[in-house]
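What follows is a set of notes on a single structure, which appears directly below.
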Amino acid sequence: MRFMMMVRASKESEAGVMPGEELLAAMGKYNEELVKAGVLLAGEGLHPSSRGARVRFSGEQRTVVDGPFPANELMAGFWLIQVASKEEAIEWARRCPNPMEGESEIEIRQVFEAEDFGPALTPELRQQEERLRAQSAEQQRKARR
């Protein structure tokens, strides 16, 4: 099962306050534990929402709204992990160093897998998804060279 562990943004992270050396070192150690355990698929910090945008959909209409957005609605970073259960994902989140000064929160959400969609994901759609994942992985490999 894949889970996304998302660090909620704070006023400081939205103001662009960067973590100090001590927190970066603690996060590096934590990330190393995730890698050694073989559960880390991805993990990144996010720039403040003032550097982002949202695209709102209403039928065929698209509206772009530039940030910033209210900090209580935002994520400041994430890890994508693959573990056996929600309980294991919770245990990994509990082991994380506090990602912010003061109080902070990590939200854990399970990622949908193909089988979760049942018969709506036809064999043709499943093949398309697999093909696109393979193409994307190949493009990423080429881009790293």
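The values are calculated or read from the model by the stated rules, or taken from the named source; none is laboratory data. Given the structure is predicted, the values throughout are model-derived calculations rather than measurements. Here Cβ is always computed from backbone atoms with ideal geometry, including for glycine, and neighbour counts include all displayed protein chains. Side chains included, ligands, DNA and RNA excluded: accessible areas come from the protein's heavy atoms. Shrake-Rupley method; radii C 1.70, N 1.55, O 1.52, S 1.80 Å.
Filtered by the rule that a residue be farther than 13 Å from Asn98 by Cβ, part of a loop (DSSP other than H, G, I, E, B) and open to solvent by less than 40 Å² (accessible area, probe 1.4 Å), the stretch 1-52 gives Ala9, Gly16, Val39, Pro48, Gly52. Filtering Gln82, Gln127, Gln140 for residues that are over 17 Å from the mean Cα position of the chain (by Cα) and either among the aliphatic types (A, V, I, L, M) or surrounded by 10 or more Cβ atoms within 10 Å (Cβ to Cβ) (or both) leaves a single hit, Gln127.
With respect to the conditions (1) open to solvent by 40 Å² or more (accessible area, probe 1.4 Å); (2) in a helix (DSSP H, G or I), Arg109 lacks only one, and its number is (2). Val17 satisfies every condition listed in (1) of a type outside the set (Ser, Thr, Tyr); (2) over 14 Å from the mean Cα position of the chain (by Cα); (3) modelled with pLDDT of 95 or more except (3). In the stretch 112-141, the residues that are outside any helix (DSSP H, G or I) reach residues that are of a type outside the set (A, V, I, L, M) with C-beta atoms within less than 9 angstrom, at least six apart or across chains, in these pairs: Phe112/Arg2; Glu113/Arg2; Leu121/Glu115; Leu121/Glu129.
Based on what the data block shows, is Glu73 loosely packed, with under 14 Cβ neighbours inside 10 Å and closer than 21 Å to Gly45 by Cα? Spelling it out, Glu73 is indeed loosely packed, with under 14 Cβ neighbours inside 10 Å and closer than 21 Å to Gly45 by Cα.
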